[in-house]
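Working notes, beginning with the structure itself.
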Amino acid sequence: MQISPSILAADFANLERELARIGNADWAHVDVMDGHFVPNLTIGLPVVEALAKVSLIPLDCHLMIDNPDRWAPQYAEAGGRSVTFHVEAAADPKALARNLRAAGARAGVALKPGTPFTPYADLLAEVDMVLVMTVEPGFGGQSFMADQMPKVREVREAVSRQGGEIWIQVDGGVSATTIEQCAEAGADVFVAGSAVYGAQDAAAAVDELRDLARQHPAH
């Protein structure tokens with residue numbers, strides 16, 4: 001059970017200090033938004049490159065951008081250890097996943113809430129992680145969508161049939177009150193923004209979330 005706090009909820013003027021607050025987390029989740037694929041603009045390659053130099057934990061880059069086929073491998077080269085692209089935006093998801101792995105990163109594929117998993121099940125042979133969005137991508141602090149849990153279960157069952165170690169990540173509204181149902185549905189990597197950075201002690205919040213997830217693994 002891995003916790004990947006989203007720095008989207010952190011203080012952008014002090015990102016190095018904010019990364020140090022989550023040194024006990026498994027990953028630092030970096031939301032890259034381009035103002036086109038989603039109606040919000042955040043950070044890009046130069047900031048990811050700078051973060052990779054100072055972060056104590058690996059960067060988990062979630063690319064909410066158009067044309068990931070072109071841009072995603074550059075995030076691996078910039079230091080992203082895990083790079084996730086949206087299947088809705090990719091022209092050739094299989095080739096892109098292979099390019100990400102060739103660049104030294106774990107390859108992840110993300111699905112928006114309205115995107116079904118079944119048409120993309122054959123991507124499991126090419127990826128290291130499937131991200132099931134539990135909010136509409138684009139903004140932090142949104143309410144958790146419990147209606148995405150059947151999709152998480154569907155992905156977990158497909159991963160079990162496929163074999164190999166493919167992680168299932170959930171992102172959006174994950175907190176102490178929602179993480180248990182995510183874990184029970186089959187998720188094993190949890191992105192939490194305000195639940196971690198909104199806490200007085202971010203590291204304690206990470207530990208609490210991980211403990212809650214471990215108590216409720218999928219059966």
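Observations on the model:
- Farthest toward positive dipole pole in the chain [+1 Lys/Arg, -1 Asp/Glu at C-beta], among Ala78, Ala95, Ile166: Ala95
- Inter-part distance where region 150-179 and region 87-136 are each reduced to a Cα centre, Å: 13
- Taking 26 Å as the straight-line reach from the Cα of Lys94, the lysines in range (excluding those fewer than 8 positions away in the same chain) are Lys112, Lys151.
- Within the chain: Cβ-based charge dipole about Cα centre, in debye rounded to nearest 20 (Lys, Arg +1; Asp, Glu -1): 320
- Our estimate of slack between Leu56 and Ala91, defined as 0.36 nm per intervening residue step minus the Cα-Cα distance, is 9.2 nm.
- When the Gaussian network model of the chain links Cα atoms closer than 10 Å, the mean-square fluctuations of Gln142, Gln162, Gln200 top out at Gln200.
- Nonlocal amide H pairs with Asn24, under 5 Å, H built at 1.01 Å: none
- Fully extended contour minus Cα-Cα distance, from Gln2 to Asn14, at 0.36 nm per residue: 1.9 nm
- For the chain: relative contact order, % (alpha-carbon pairs under 8 angstrom, 6 or more apart): 21
- Virtual spin-label span in nm between Thr177 and Gln215, 7 Å along Cα→Cβ: 1.7
- Region 192-218-region 1-74 distance, computed between alpha-carbon centres (Å): 18
- Extension reserve of the Leu41-Arg70 stretch, reckoned as 0.36 nm per residue once the Cα distance is removed: 8.6 nm
Just so you know, all these numbers are worked out from the coordinates, no wet-lab data involved. Computed from a predicted model, the values in this text were never measured in an experiment. Neighbour counts run over all protein chains shown; Cβ positions are idealised from the backbone, glycine included.
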